[in-house]
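The values are calculated or read from the model by the stated rules, or taken from the named source; none is laboratory data. Keep in mind that what you see is a predicted model, and the values were worked out from it rather than measured. Cβ coordinates were reconstructed from backbone atoms using ideal geometry, including for glycine residues, and neighbour counts include every protein chain displayed. Please note that ligands, DNA and RNA were not included when accessible areas were found on the heavy atoms of the full protein model with its side chains. Shrake-Rupley method; radii C 1.70, N 1.55, O 1.52, S 1.80 Å.
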2 protein chains.
Amino acid sequence: MATRLSDVAARAGVSVKTVSNVINDYPHITAHTRAKVEAAIAALDYRPNVSARSLRKGRSDFIALAIPEMASAYFAELGAAFSRAAKKRGITVLIEQTEGESAAEQLVLDGMRGQLIDGIVFSPITSTPAKIGAAASGKPLILLGERTTGGTFDHVAVDSVQAAFDATTHLISLGRQRIAAIGVGGGGASGTGAVRRKGYRKALKAAGIAHDPALELAGTGYHRLDGAASMRELLALPEPPDAVFCFNDLLALGALRTLADAGLSVPGDVAVVGFDDIEDGRYHSPSLTTISPDKEWLAEHTVALLLERIAGSGEAERRSLTVPYTLEIRESTAG
Amino acid sequence: MATRLSDVAARAGVSVKTVSNVINDYPHITAHTRAKVEAAIAALDYRPNVSARSLRKGRSDFIALAIPEMASAYFAELGAAFSRAAKKRGITVLIEQTEGESAAEQLVLDGMRGQLIDGIVFSPITSTPAKIGAAASGKPLILLGERTTGGTFDHVAVDSVQAAFDATTHLISLGRQRIAAIGVGGGGASGTGAVRRKGYRKALKAAGIAHDPALELAGTGYHRLDGAASMRELLALPEPPDAVFCFNDLLALGALRTLADAGLSVPGDVAVVGFDDIEDGRYHSPSLTTISPDKEWLAEHTVALLLERIAGSGEAERRSLTVPYTLEIRESTAG
DNA sequence: CTGAAAGCGCTTACAG
DNA sequence: CTGAAAGCGCTTACAG
């Protein structure tokens, strides 16, 4: 039905081996032979069948990126960066939405799409490293996001403790005294909330400010809705905060919405810092001060490491990459 | 190396055919046989090899969604909806970022990932139906977005003329007289800008308002940046508008930013309407009035139609689906 | 229901 | 460089 390698070989008057060599850019092909083959490929509009190739080679040049939800701005931007980084290297990214709980594990469990996938980058919500270890199907796997526990996987993350320290210290440097934190309970098993709170508390302590549990809001998620609700709680306090460090930008945008509704000025009454540097925050009014992880760096290095693992013999030691970040000071703290 | 179908058959004491029957849910399997096979599958942790299956059956149960950029909120939300709709039906969505120009055509040209993909949903930016027709590799293809020209493909779109008419009429009903439009030049060959302008002008005409070319801004793209720049142009006019209909929400969010910077009140001084209903607009302050296409409906029906085409004998007549929408009135016009 | 076998379209030793 | 052939792991007629 479809044109096959052998059709191309017949038309070019060479062996299938030679056609395969041309397609795969192997050496020892004369320019003349190559030209003949390429002409035949063009004439027949031939495209290699990736299923056959994948079956034969045991490699598909597909990798998966498993994220909680692709419509969330941070992950959407990450997905875009991964796709670009992978395309540059001739491989394709399959984006999997885990949508929380068990679905995440199930993905890994389900054998990485029936062996179609060469490796996976996994941003877990509820899965602990132990669970993932039990479920992993032996293919290369890189974890994204903070890992409090050791685990046996490569992992890539921002130094969240340091970043949270920097964000909080920035607020302190503005003279703020009652600095709240929104999102301390978030991030599930990957411990985002716990890790960022650590940096937050550390900064307070370094400045001689006692941390007030009433100012640490857990919330139920990391979306605008949660940020808005947490901010309402904070405003209802007998002594509301004069600054808020939100553990991601969506929380911060929700908080800003509540502050606007309450008629409070930002940063006049309350200064706000986020985390992630999503595009919405840059255009918001006021624009959002935030921790900006280098997403391109993250995608590039993670894809490179994964491909190294896929190609590698296997037993290299576990690697841990730290993503560079900057603190982007914008109107929400420097109006 | 990996466990194969034959390993499962051997362990269960049945033929490979029977194992295959169990996996593919074919009839005429006794409960006892099924149980034996399933036990063997579980014991060996067997997962079918999708490359082999795909090679043999000529179907992969993968479809592609080709969109301009996945980090753009509307497309991110669409991608999420497609993934869910597909997963429900046991198929997987491969999201391709075309990033504009020729890349879009290239995707279609490149033979849909070497025949891995069963069909494609394509949201073109610059490709005309004619170009796509020439490049299509014969597999089912559905176009997303307005098609001014006929084309020979199935397509799914909002009735943008009517939606733009509704949005503009809403502004007129608020008593606005100088209603600008941002984005009239956008959407490339798919003609989003032209189609929405048509509805916009129609509404003005119906209300007896002459349309003023100075109030129709083309801009270069459909992002916040473009909306912000266009709004600045409008404010520099001798007679600035008292309302703006932006052809997508990103343009509207950019415009709102410019208005905030200029110290103008929304909707007091200028009322703003968008198109797409992305989450950012719902939480923005002021929240954004917008045309809200039913994205779940879109994804569900498009996936269903594509699967019908893939399964179908082929020569059914071209189908055109119209996506339902509502006008969501929020603070930016009803503060 | 079973068993033996062909074939999907590649890649890759193997012998020249 | 070429040619003939095996084999990746499935599905599916085919004969029983």
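Given the conditions (1) out of contact with any Ser or Thr (no Cβ under 6 Å at 6 or more places or on another chain); (2) at pLDDT below 95; (3) within 12 Å of another protein chain (Cβ to nearest Cβ), and given that A:Leu259 satisfies all but one, which numbered condition is not satisfied?
It fails just one condition, (2).
Here is a check on your reading of the model: is B:Arg89 more than 16 Å from DNA strand C (Cβ to nearest atom), more than 14 Å from chain A (Cβ to nearest Cβ) and in contact (Cβ under 8 Å) with a residue 60 or more places away in the chain?
When the stated conditions are applied, B:Arg89 passes them.
Show the residue pairs that are 6+ apart or on different chains and have beta-carbon atoms under 9 Å apart, the first residue being within region B:27-50 and within 14 Å of chain A (Cβ to nearest Cβ), the second being near DNA strand C (Cβ under 8 Å from one of its atoms).
B:Asn49/A:Leu55; B:Val50/A:Ser51
Table: residues versus (1) among the hydroxyl-bearing types (Ser, Thr, Tyr); (2) at negative phi; (3) outside the structural domain of B:Leu78 (by TED's automatic domain parsing).
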position: B:Asp269; (1), (2), (3): no, yes, yes
position: B:Asp280; (1), (2), (3): no, yes, yes
position: B:Pro286; (1), (2), (3): no, yes, yes
position: B:Thr289; (1), (2), (3): yes, yes, yes
position: B:Val303; (1), (2), (3): no, yes, no
position: B:Ser320; (1), (2), (3): yes, yes, no
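Select from region A:15-26 the residues that are within 14 Å of chain B (Cβ to nearest Cβ) and either surrounded by fewer than 16 Cβ atoms within 10 Å (Cβ to Cβ) or within 32 Å of the chain's Cα centre (by Cα) (or both) and list them in ascending order.
Across region A:15-26, the qualifying residue is only A:Asn24.
Mind checking which residues of region B:220-232 are closer than 24 Å to B:Ser285 by Cβ, of a type outside the set (Ser, Thr, Tyr) and part of a loop (DSSP other than H, G, I, E, B)?
B:His223
Evaluate the following for B:Asp242: is it within 14 Å of another protein chain (Cβ to nearest Cβ) and in contact (Cβ under 8 Å) with a residue 40 or more places away in the chain?
Against the criterion (within 14 Å of another protein chain (Cβ to nearest Cβ) and in contact (Cβ under 8 Å) with a residue 40 or more places away in the chain), B:Asp242 does not qualify.
Assuming A:Val195 fulfils every condition listed in (1) open to solvent by 10 Å² or more (accessible area, probe 1.4 Å); (2) within 19 Å of the chain's Cα centre (by Cα); (3) within 14 Å of another protein chain (Cβ to nearest Cβ) apart from one, which condition is it?
(3)
With A:Arg319, A:Arg282 as the choices, which residue is touching a residue at least 40 places away in the same chain (Cβ under 8 Å), within 12 Å of another protein chain (Cβ to nearest Cβ), closer than 30 Å to A:Lys88 by Cβ and open to solvent by 60 Å² or more (accessible area, probe 1.4 Å)?
Numbers: A:Arg319 fails: within 12 Å of another protein chain (Cβ to nearest Cβ).
After applying the criteria, what remains is A:Arg282.
Out of everything in region B:1-12 that is within 13 Å of DNA strand C (Cβ to nearest atom) and touching a helix residue (DSSP H, G or I) at 6+ places or on another chain (Cβ under 7 Å), what residue ends up being nearest to the other protein chains (Cβ to nearest Cβ)?
Among those residues, the one meeting the criterion is B:Leu5.
Restricting to region B:47-62, name every residue that is crowded, with 20+ Cβ neighbours inside 10 Å, near DNA strand D (Cβ under 8 Å from one of its atoms) and part of a loop (DSSP other than H, G, I, E, B).
B:Asn49
Could you list, in sequence order, all residues of region B:1-14 that are at pLDDT 85 or above and part of a loop (DSSP other than H, G, I, E, B)?
If the condition is that a residue be at pLDDT 85 or above and part of a loop (DSSP other than H, G, I, E, B), then B:Arg4, B:Gly13, B:Val14 are the ones that fit.
Would it be correct to say that A:Ala9 is aliphatic (A, V, I, L, M), outside the structural domain of A:Gly90 (by TED's automatic domain parsing) and open to solvent by 50 Å² or more (accessible area, probe 1.4 Å)? Even if it seems obvious, please write down each step before you answer.
Values: aliphatic (A, V, I, L, M): yes; outside the structural domain of A:Gly90 (by TED's automatic domain parsing): yes; open to solvent by 50 Å² or more (accessible area, probe 1.4 Å): no.
No.
Please identify the pairs in which a residue from region A:285-309 that is acidic (Asp, Glu) has its Cβ atom under 7 Å from the Cβ atom of a residue that is open to solvent by 40 Å² or more (accessible area, probe 1.4 Å), counting only partners at least 6 apart or on another chain.
Pairs found: A:Asp294/A:Pro324; A:Asp294/A:Tyr325.
So how many residues does region A:198-210 have that are assigned to a loop (DSSP other than H, G, I, E, B) and open to solvent by 80 Å² or more (accessible area, probe 1.4 Å)?
So the first thing to find is which residues in region A:198-210 are assigned to a loop (DSSP other than H, G, I, E, B), and the list is A:207-210.
Going one step further and asking which of them are open to solvent by 80 Å² or more (accessible area, probe 1.4 Å), we end up with A:210.
So the count comes out to 1.
When the residues of region A:27-46 are narrowed to those that are in a loop (DSSP other than H, G, I, E, B) and open to solvent by less than 50 Å² (accessible area, probe 1.4 Å), which ends up nearest to DNA strand C (Cβ to nearest atom)?
A:Tyr46
Which condition number does B:Ile63 fail, the rest of (1) among the β-branched types (Val, Ile, Thr); (2) closer than 30 Å to B:Gly281 by Cβ; (3) within 16 Å of DNA strand C (Cβ to nearest atom) being met?
(3)
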